[in-house]
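Below is one structure, written out as structure tokens; the observations come after it.
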Amino acid sequence: MKKVLLVGDIVSHGKIALSSMIPILSNFKLDISNLPTCIVSNTFDYKIAELHDLSSYMKNTINIWNDLGFRFDIIVTGFLSNLEQVNIIEELIEFHDEKPLIITDPIMGDDGELYHGLPDEIVNYMKEMINHTDILIPNATEAALLLDKKLPKEMTDEIANKWLEELHDRGIKEIVITSIKVEGRHYVYGIKNTGEKFRVEYDIVPYKFAGTGDIFASFVTAKIVEGIGIEEAVVFATEKLSSILKKEIIDSDKKVRDVAIEKYLDTINR
């Protein structure tokens, strides 16, 4: 059984981040551990949040894990709140005789800007993190931030593919960029280790849900662990996520919509 470590935040109100990724990946029969980076009161969609940094806890934890001989096959990183946490992950990687596969979702923003309340410096943290990354899964906004670009009002196939090439040239083996709209249609763009590019179209659900990126990254991770190629993993993730969102009951009175992922755990790995 593959040992997977999830590094990310715990959100007290909202079914996102570790609270959604742990049950999903556990349901794929993986051995899951988690290393929380911070505790956040609620999702950033509310425009106000309390964030409690756990860098000291992370540092002490990895030292104990090293003494205990804990090792991981895959490390999946999400929200990081400072550069020290990147350094802690670097130390954790160095404990291993063989480098784990590093999958990074560089959680920073959406809709062309950083999430409310996050400092501009977070872009530099993520740029440092991707130096260790094998598979990168940003949304279009995060890809732009990593490349020091602005998200254009109108994305094109040419721009998306150029961004993939630029990230690939930085030494990242495989990249998947989500949430790209080209000529009114919605795609996930990707590039394989060979340099071959692909795109997968998906049906858009006309409501904004919190945590869909975490669910998508979980599905991709699960399929990669099974030995499936990145393009096939993306096809599975887009189809499964679209299917789930179409079944969700939309509550118009809720400011932020969560995905009740518990309802789908019995069927997500079929």
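Observations
- Identity of the residue in the stretch 1-46, over 27 Å from Glu91 (Cα atoms) and among the charged types (D, E, K, R), that ends up most open to solvent (accessible area, probe 1.4 Å): Lys29
- Residue, farthest from Gln85 (Cα to Cα), within the stretch 119-132, restricted to residues that are assigned to a loop (DSSP other than H, G, I, E, B) and among the charged types (D, E, K, R): Asp120
- Filter result for the condition that a residue is within 18 Å of Ile107 (Cα to Cα) and in contact (Cβ under 8 Å) with a residue 12 or more places away in the chain, over Ile215, Ile224: Ile215
- Any hit, the stretch 75-90, residues being touching a Leu at 6+ places or on another chain (Cβ under 6 Å), touching a residue at least 12 places away in the same chain (Cβ under 8 Å), within 21 Å of Phe219 (Cβ to Cβ) and aliphatic (A, V, I, L, M): yes
- Here the condition is being surrounded by 21 or more Cβ atoms within 10 Å (Cβ to Cβ), closer than 23 Å to Leu5 by Cα and either touching a Phe, Trp or Tyr at 6+ places or on another chain (Cβ under 6 Å) or of a type in the set (Val, Ile, Thr) (or both); of Ala237, Ala233, Ala210, it holds for Ala237 alone.
- Boolean, Met58 is in contact with a helix residue (DSSP H, G or I) (Cβ under 9 Å, 6 or more places away or on another chain), modelled with pLDDT of 95 or more and either closer than 25 Å to Leu167 by Cβ or open to solvent by 50 Å² or more (accessible area, probe 1.4 Å) (or both): no
- Among the conditions (1) modelled with pLDDT under 95; (2) within 20 Å of the chain's Cα centre (by Cα); (3) surrounded by fewer than 18 Cβ atoms within 10 Å (Cβ to Cβ), Asn87 misses just one, which is (1).
- Scanning the stretch 146-180 for residues that are within 18 Å of Ile103 (Cα to Cα) and without any contact (Cβ under 8 Å) to a residue 12 or more places away in the chain gives a single hit, Asp169.
- For the stretch 175-207, the set of residues classified as open to solvent by 50 Å² or more (accessible area, probe 1.4 Å) and under 30 Å from Asp45 (Cβ atoms) consists of Ser179, Lys181, Glu183, Gly184, Arg185, Arg199, Glu201, Asp203, Ile204, Pro206, Tyr207, listed by residue number.
- Here the condition is being of a type in the set (Val, Ile, Thr), surrounded by 13 or more Cβ atoms within 10 Å (Cβ to Cβ) and in contact with a Phe, Trp or Tyr (Cβ under 9 Å, 6 or more places away or on another chain); of Ile75, Ile107, Ile103, Ile172, it holds for Ile107 alone.
- Of the residues examined, Asn42 is one that is under 27 Å from Glu262 (Cα atoms) and in contact with a His (Cβ under 8 Å, 6 or more places away or on another chain).
The values are calculated or read from the model by the stated rules, or taken from the named source; none is laboratory data. None of the values given here were measured: they were computed from a predicted structure. Cβ atoms come from the backbone with ideal geometry, glycine included; neighbour counts cover every protein chain shown. With ligands, DNA and RNA removed, areas are computed over all heavy atoms of the protein, side chains included. Shrake-Rupley method; radii C 1.70, N 1.55, O 1.52, S 1.80 Å.
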